[in-house]
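*Asks:* Right, I'll just put the structure down here and ask away after.
Since every read-out is calculated from the coordinates, none of them should be taken as a lab result. Bear in mind the structure is a predicted one, so any value in this text is a computation, not a measurement. Reconstructed Cβ throughout: ideal geometry from the backbone, glycine too, with neighbour counts over all protein chains shown.
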Amino acid sequence: MSKRCFFCQHKAEPTFRELDNLLKFTSPRMKIVSSEKTNVCAKHQRQLSKEIKHARYLALLPYTSYQQEKMRQIVG
């Protein structure tokens, strides 16, 4: 398995609109996972953390897993 950056490999940039990709780089408790564990280069790790924080600000992603559970109870 290559240790190449996910975004460099797919020639993509992290955006707050792609929630599926952002969730790959967060822990179950919704913390941002380090680049050592995710094999993301430094450039994309900075962009990734910025986009995750932006998605949280826009309420697209929860800040904590507790908020995520509460939203599931409200929605159904």
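*Asks:* Can you list the GluC sites (Glu not before Pro) in the range 14-52 that are in a DSSP coil and have 13 or fewer other beta carbons within 10 angstrom?
*Replies:* Within the range 14-52, no GluC sites (Glu not before Pro) qualify (loop, at most 13 other Cβ atoms within 10 Å).
*Asks:* Can you work out ³J(HN,Hα) from phi for every residue in the range 8-24, in order, using Karplus 6.51 cos²θ - 1.76 cosθ + 1.60 and θ = phi - 60°, giving whole Hz and x for Gly and Pro?
*Replies:* Those phi angles translate into 5, 5, 9, 6, 10, 10, x, 10, 6, 6, 8, 5, 4, 5, 5, 5, 5 Hz.
*Asks:* Another question, if that's okay. Enumerate lysine pairs in the chain that are 8 or more residues apart or on different chains, then count those whose Cα atoms are under 14 Å apart.
*Replies:* Step by step, the pairs that qualify in the chain add up to 5.
*Asks:* How large is the helix-only mean residue ellipticity at 222 nm for the chain, computed as the sum of -39500 (n - 2.57) over DSSP H runs with n ≥ 4, divided by its residue count, in deg cm²/dmol to the nearest 500?
*Replies:* -15000 deg cm²/dmol
*Asks:* Okay, next question. Considering Cα pairs under 8 angstrom that are at least six residues apart, work out the relative contact order of the range 6-75 and quote it in whole percent.
*Replies:* Relative contact order, the range 6-75: 34 percent.
*Asks:* Moving to a separate point now. Please find, in a Gaussian network model of the chain (springs between Cα atoms separated by less than 10 Å), the residue of K53, K43, K31 whose mean-square fluctuation is greatest.
*Replies:* Largest GNM mean-square fluctuation: K43.
*Asks:* Right, here's the next one. Along the range 63-69, what does the Karplus equation 6.51 cos²θ - 1.76 cosθ + 1.60 (θ = phi - 60°) give for ³J(HN,Hα), rounded to whole Hz, x for Gly and Pro?
*Replies:* Taking θ as phi minus 60°, the curve returns 6, 10, 5, 4, 5, 5, 5 Hz for the range 63-69.
*Asks:* Calculated FRET efficiency, T38 and Q73, Cβ-Cβ r, R0 30 Å, to nearest 0.05?
*Replies:* Efficiency, from the Cβ-Cβ distance: 0.50.
*Asks:* What Cys residues in the chain are without a partner cysteine, judged by a Cβ distance under 4.7 Å?
*Replies:* none
*Asks:* All other residues with a Cβ under 11 Å from the Cβ of T64 taken together, and with Lys, Arg as +1 and Asp, Glu as -1, what is their net charge?
*Replies:* Value of the local net charge: +3.
*Asks:* Per residue of the range 43-54, in order, report the coupling 6.51 cos²θ - 1.76 cosθ + 1.60 (Karplus, θ = phi - 60°) as ³J(HN,Hα) in whole Hz, putting x for Gly and Pro.
*Replies:* So the J values, rounded to whole Hz, are 4, 6, 5, 5, 5, 4, 5, 5, 6, 5, 5, 5.
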